[in-house]
Amino acid sequence: MKEKVEELKKEIEAYIVETAEELEQYRMKFISRKSVVGDLFNELKTADQEVKREMGRTLNELKNIATNRFKSFVDDLETKEGSEKLANVPDLTLPPVADQLGAQHPILATKARIIEIFERIGFNLSEGPEVEDDWHNFSALNFPENHPAREMQDTFFIERNPDIALRTHTSSVQVRVMENQKPPIRTLSPGRVYRNEAISARAHCVFHQVEGLYIDENVSFKDLKQTLYHFVKELFGKDTKIRFRPSYFPFTEPSVEVDISCNICKGKGCNICKYTGWVEIGGAGMVDPNVLTSSNIDPEKYSGFAFGMGIERITMLLYQINDLRLFTENDVRFLKQFKNIK
Ligand code: DAH
């Protein structure tokens, strides 16, 4: 009997219970009255006094081992069931999952920042049509009849003679504002423009510009300089430098191209600024008297400045984006990165 008890102890120790059915099998085998342990107790009934005393203790010990093991199986199963149940119950104490909000497109974000800067110094907003006639896009802006920008390769014409085209720049809005308002004029015109160009990392056939126009008595080149100086420092940071290079536009005289110190390499030289330390952000100049006259503004009394900048260009510099096509591809991996910009 002793050997049998030792064997059973080992069996109980090695026993594994994972389900309620297995637990019941264990109970039947080791705990119930008809269990092996129960049988041994029955056997003991017929044994003599001496054996009864000795084996009684051993059997009781075996019974305790079997019962304790049973209890620990019950505990384990309860914890397991409990956690399985819990796993299916939502944890109401968890913080809520944030809504998947969309992000503002970087072009719109830059446009908003530019508008904000100019609004604070007294510029209002104006808009014009994207489908424009020759007068507002070219003639009133002093483009000579044979100017290359009028040719097919640059302009998307919708109709010829009289010419209707997709505007090639936001300077057309200048003309519309001057036709409809009297000086003083301080206006900013952001918008989409179109050019018949091959799409590449640096050029697109649809892009955005922002035009500025300031007309009043005694407006001089130094007002232009100071305005752009202020703008650049506000947008790119106070350490940014600005420079003007002489240039030519039909609608301004004198005309300049506006460069800022490369905000990527801080002027040291990198592939974005082609190792010059400077990047161009737009064109500007004093409004040509012919343009004022075309819009019935007296150039003897009034003068003004104008500027035009590419919003894509500025956005690329602000966020170090090296391919303009990313703006129109709608790749969420790109757009997601602008979630936290203001
Ligand atoms: N319209 C010019 C362009 O698209 C940019 C420009 C240059 C606008 C000089 C202006 C200006 O108002 O004064 O390239």
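The values are calculated or read from the model by the stated rules, or taken from the named source; none is laboratory data. Everything quoted here is computed from the prediction, not taken from an experiment. Because the Cβ atoms are built from the backbone with ideal geometry, glycine has one as well, and the counts that use them run over all protein chains shown.
Brief remarks follow.
- Matching residues, region 248-273, being over 22 Å from Leu317 (Cα atoms) and either out of contact with any Phe, Trp or Tyr (no Cβ under 9 Å at 6 or more places or on another chain) or away from the ligand (no atom under 16 Å from the Cβ) (or both): Tyr248, Phe249, Glu253
- Scanning region 222-244 for residues that are of a type in the set (Phe, Trp, Tyr) and outside any helix (DSSP H, G or I) yields one hit, Phe244.
- Flag if Tyr275 is of a type in the set (Ser, Thr, Tyr) and crowded, with 16+ Cβ neighbours inside 10 Å: no
- Count of region 154-180 residues which are in a loop (DSSP other than H, G, I, E, B) and more than 20 Å from Gly283 (Cβ to Cβ): 5
- Evaluation of Asp259 against (1) acidic (Asp, Glu); (2) at pLDDT 95 or above; (3) closer than 30 Å to Gln100 by Cα (one fails), failing number: (3)
- When Glu312, Glu300, Glu329 are checked against the criterion of being in contact (Cβ under 8 Å) with a residue 60 or more places away in the chain and either among the acidic types (Asp, Glu) or within 15 Å of the ligand (Cβ to nearest atom) (or both), Glu312 stands alone in meeting it.
- In this structure, Glu197 does not satisfy being in the same structural domain as Gly308 (by TED's automatic domain parsing), in contact with a helix residue (DSSP H, G or I) (Cβ under 8 Å, 6 or more places away or on another chain) and within 21 Å of Thr170 (Cβ to Cβ).
- Considering residues of region 151-171 that are under 16 Å from Glu130 (Cβ atoms) and more than 15 Å from the ligand (Cβ to nearest atom) only, the residue surrounded by the most Cβ atoms within 10 Å (Cβ to Cβ): Asp163
- The residues on offer are Pro183, Pro144, and the sole one that is buried (at least 16 other Cβ atoms within 10 Å of the Cβ), in a loop (DSSP other than H, G, I, E, B) and either more than 11 Å from the ligand (Cβ to nearest atom) or in the same structural domain as Met286 (by TED's automatic domain parsing) (or both) is Pro183.
- Residue identified as within 14 Å of the ligand (Cβ to nearest atom) and closer than 14 Å to Leu224 by Cα among Val287, Val291: Val287
- Options Ile117, Ile107; residue that is part of a helix (DSSP H, G or I), surrounded by 10 or more Cβ atoms within 10 Å (Cβ to Cβ) and touching a Leu at 6+ places or on another chain (Cβ under 9 Å): Ile117
- For the residues Phe244, Phe221, the requirement of being touching a residue at least 40 places away in the same chain (Cβ under 8 Å), in contact with a strand residue (DSSP E or B) (Cβ under 8 Å, 6 or more places away or on another chain), within 13 Å of the ligand (Cβ to nearest atom) and over 20 Å from Leu141 (Cα atoms) singles out Phe244.
- Within region 319-342, being among the hydrophobic types (A, V, I, L, M, F, W, C) and exposed (fewer than 11 other Cβ atoms within 10 Å of the Cβ) holds for one residue alone: Val332.
- The listed residues are Asn142, Asn124, Asn88, Asn137, and the only one of them that is at positive phi and polar (S, T, N, Q) turns out to be Asn142.
- Any hit, region 84-103, residues being of a type outside the set (Asp, Glu), touching a residue at least 24 places away in the same chain (Cβ under 8 Å) and either part of a helix (DSSP H, G or I) or more than 30 Å from Val210 (Cβ to Cβ) (or both): no
- Screening Glu13, Glu24 for residues that are surrounded by fewer than 10 Cβ atoms within 10 Å (Cβ to Cβ), out of contact with any His (no Cβ under 6 Å at 6 or more places or on another chain), farther than 30 Å from Leu335 by Cα and modelled with pLDDT of 90 or more leaves exactly one candidate, Glu13.
- Test: Val210 is over 18 Å from Trp278 (Cα atoms) and at pLDDT 95 or above: yes
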